[in-house]
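Right, one structure below, let's go through it.
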Amino acid sequence: FGNYAAYNNPIIQSQKETTSPLDTYIRSTRSSLGFHSNGGVFSFVLTGAKSAVTAPVYVYLPPTYGADAKKKWPVLMLLPGYPGVPTTWFHAMDIIRIIRHEVSTGFAHDFVLVLPTLSVVPPRDTECTDIPGGPQVNTWLGVDVPQAMISGLSVSQDRKDWAITGYSTGGFCAAKVMLSHSEQFSVAIPIAGYFSPYKGKLTGDLFGGSVAVLDANSPLLLAKALTLPSHMLLVGSSQDPGVMGDIAKMMTVRNPNLVIDQLVDQHGGHTTKVWKSQLPRILDWLSTKIPHLYTL
């Protein structure tokens, strides 16, 4: 993470004696000369008020963040795969350089980027599930992390300004979190994701033997039941056959509240190199779904 000192030194903050886990960070950086014109990357440890999950969250602030105190920024949440870490988005995925390029060329606009931890109880693969008797990871991602951002940063509270993406397991989780928390998110971009709950050696019993809990973790079923207007961009590669099969299944969903687009490349497998190459088009598409209503 130290390689990103150019974007501002990361700062880990505790929640002790603050009204928001971001308060100490914001107070200290606002007194630092140049913060408002330089944006920055920082991290903090969040204990979710509803989930009780404790894990790091990373945040990228655009260069003009803070220049207008009245401005409320749109948010893009980014999830890694399993057993990945959030900072893969900074390194292998090179998200900051790519978004800066797309903004500079006028094809996309800026977002506050939020990168929560997905593997909150390693090595267990929770599949971002509210596990009966276990960690409440869906609530952590869909409720606690957004509320921390809203309470501590100058970001929009409107669901229309919130999007979530992720690759591989993070793609599954992006779809599931948006569809199960559509009051918070209006856009999901699953990159090389899948849409049926997975159970493997490292997941354990995620659903407590309950068919109802299993169904509540199925993006295909959640998509059919969606009641708020939303968008989804399904991203994949034809040389990633397992992903293409799941994209085909999601495309069969018929719900007037859900508009589904596709971005499918003809070459490339299940790798960060492929997903990185798709990011410019993803950001451009997203900028048409969440217009930048707060231009300075």
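Just so it is clear, none of the values below were taken in a lab; they were calculated from the coordinates. Remember, it's a predicted structure, so these values are computed and weren't measured experimentally. Cβ placement follows ideal geometry from the backbone for every residue including glycine, while neighbour counts extend to all protein chains displayed.
Label points 7 Å out from Cα along the Cβ direction at A49 and H267: separation in nm?
Modelled inter-label distance: 5.1 nm.
How large is ³J(HN,Hα), in whole Hz, for each residue of the stretch 158-163 in order, when computed from phi with the Karplus curve 6.51 cos²θ - 1.76 cosθ + 1.60 and θ = phi - 60°, using x for Gly and Pro?
For the stretch 158-163, the Karplus curve yields 6, 4, 5, 9, 10, 10 Hz.
Counting Lys +1, Arg +1, Asp -1, Glu -1, what net charge surrounds G236 among other residues with beta carbon under 15 Å of its beta carbon?
Here the count lands on 0.
Kindly write out, for the stretch 209-221 in residue order, the coupling ³J(HN,Hα) from the Karplus curve 6.51 cos²θ - 1.76 cosθ + 1.60 (θ = phi - 60°), rounded to whole Hz, with x marking Gly and Pro.
Residue by residue, the stretch 209-221 yields x, 9, 5, 5, 5, 4, 5, 5, 10, 9, x, 5, 6 Hz.
Grab the other residues whose beta carbon is less than 13 angstrom from that of G106, score K and R as +1, D and E as -1, and report the net.
-2
Taking K224 as the anchor, which lysines have their alpha carbon closer than 23 Å to its alpha carbon, excluding any fewer than eight residues away along the same chain?
Candidates past the 8-residue exclusion: K160, K176, K199, K249, K289.
In deg cm²/dmol and to the nearest 500, what is the mean residue ellipticity at 222 nm of the chain if only DSSP H runs of at least 4 residues count, each as -39500 (n - 2.57), divided by the residue total?
The helix-only estimate for the chain comes to -8000 deg cm²/dmol at 222 nm.
Work out which trypsin sites (Lys or Arg not before Pro) in the chain are exposed loop sites (DSSP not H, G, I, E or B, at most 10 other Cβ within 10 Å) and give the longest gap free of them.
Segment 71-200 is the longest.
Any chance you could list the semi-axes, whole Å, largest first, of the equivalent ellipsoid that the Cα gyration tensor gives for the chain, using √(5λ)?
29, 22, 18
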